[in-house]
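Report on the structure given below.
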Amino acid sequence: MMDFYLPVLVFFLSFFVFLSLRLVFFSFIKRFLQRLSLFGVLHRILRIPTLLWVLALSLYLALYFSEELQKHRKYFHLIEKIIEGLLILSITFVIADVIVEVIKFYVRKSNISLPPTALIFALIKGVIIALGVITLLSSFGVPVAHFITTLGIGALAVSLALQGTLSNFFSGLNIIASRQIEVGDFIRLETGQEGYVQDITWMNTVIRQRDNNLVIVPNSRLVSSIITNHRKPEPSMALVIPIGVSYSSDLEKVERVTLEVAKEVQRSVEGADPSFEPFIRYSAFGDFSINFSVILRVLDTDAQFLVRHEFIKRIKEAYEKEGIEIPFPVRKIYLYYGEGGA
């Protein structure tokens, strides 16, 4: 009878002692790590595994003091395997949680904007736990070679069936990690659609056009497209406005008047870059005008409309005041009546 009570007594006594040490350990790390915001992470990672460690150590001590079980090597070995399995599973969960937390820390440190989902972290954790389960099965003597082969064939079949989904998923990872396109950027696709990036999910990118319609582009299509990002490398942009004046105009006077208006617009209109010095460049002899471009600069893509609007109004007023003609196409028609005609 003593052979029965002693292991039970050892188990409960050791369980109580180890549980108390566990509480002391968490109190200790809380005192030193709470100010560093690490206690919550460590407590979440170690809360369940430490309970498994307490249980495994208590079982091992009870097994050590049980002479009766030691005589039955079959049961003794089985309990040893159970303890070993508890340790393998608990350590696997700790490693998985630590790796996920390290990746999260890196993502926050790198200011990578991830979609609001824990899918990628769940996948990473699932892979590590699967490796731990394979190790556990191997420790129990289960042949895992056929299991791994079957798992690989199943993964291949799933990847073929979900080829489009996986392509969008990994393309989304590429877009997020490269940070060449981010939420809030104003982009133009090679198909001509343009707008603000409203959201980047694992499967598609949502673009809000200026008319408030949404364009939803699969990530795989977006990765393979030619895209103009008007917010990279900086949100400011040059604003080129073409103008034409008549051939009779004094080009020096045209340049002086145009620059006066351009500088006034740069200084006074909201959204224009006040530190930028505008300039003009004559470009061609047109069919009915001498053509040139005025180069302004705006701080943001949206500001180009107001700046262009104000510049066109003011340049027309200034040209009329200074007697500078902005020509328009004139078509001359010659009528030929032939012999005997009027």
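The values are calculated or read from the model by the stated rules, or taken from the named source; none is laboratory data. Predicted model only: the values in this text are computed from it and were never measured. Because the Cβ atoms are built from the backbone with ideal geometry, glycine has one as well, and the counts that use them run over all protein chains shown. Protein only, heavy atoms only, side chains kept; ligands, DNA and RNA dropped before computing areas. Shrake-Rupley method; radii C 1.70, N 1.55, O 1.52, S 1.80 Å.
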For the stretch 152-169, state whether one or more residues are surrounded by 14 or more Cβ atoms within 10 Å (Cβ to Cβ), of a type in the set (S, T, N, Q), modelled with pLDDT of 80 or more and more than 25 Å from L299 (Cα to Cα). no
Take V215 and decide whether it is at pLDDT 85 or above, of a type outside the set (F, W, Y) and open to solvent by 20 Å² or more (accessible area, probe 1.4 Å). yes
Could we say that I148 is loosely packed, with under 15 Cβ neighbours inside 10 Å, modelled with pLDDT under 65 and of a type outside the set (G, A, S) here? no
Output for Cβ contacts, cut-off 9 Å, separation at least six or different chains, first residue touching a residue at least 60 places away in the same chain (Cβ under 8 Å) in the stretch 218-238, second part of a loop (DSSP other than H, G, I, E, B) and loosely packed, with under 12 Cβ neighbours inside 10 Å, reads R231/G184
Restricting the stretch 101-137 to residues that are of a type in the set (G, A, S) and modelled with pLDDT of 75 or more, which is least open to solvent (accessible area, probe 1.4 Å)? G132
So, in the stretch 287-306, how many residues would count as being in contact with a Phe, Trp or Tyr (Cβ under 9 Å, 6 or more places away or on another chain) and part of a loop (DSSP other than H, G, I, E, B)? 5
Is it true that G192 is at positive phi, open to solvent by less than 60 Å² (accessible area, probe 1.4 Å), in contact with a Lys or Arg (Cβ under 8 Å, 6 or more places away or on another chain) and not acidic (D, E)? no
Looking only at the stretch 290-302, decide whether some residue is more than 29 Å from R188 (Cβ to Cβ) and either modelled with pLDDT under 90 or surrounded by 12 or more Cβ atoms within 10 Å (Cβ to Cβ) (or both). yes
Every residue from the stretch 278-301 that is in contact (Cβ under 8 Å) with a residue 60 or more places away in the chain and of a type outside the set (V, I, T): R297, L299, D300
For the stretch 227-257, give me the residue count where each residue is under 44 Å from the mean Cα position of the chain (by Cα) and farther than 30 Å from E190 by Cα. 0
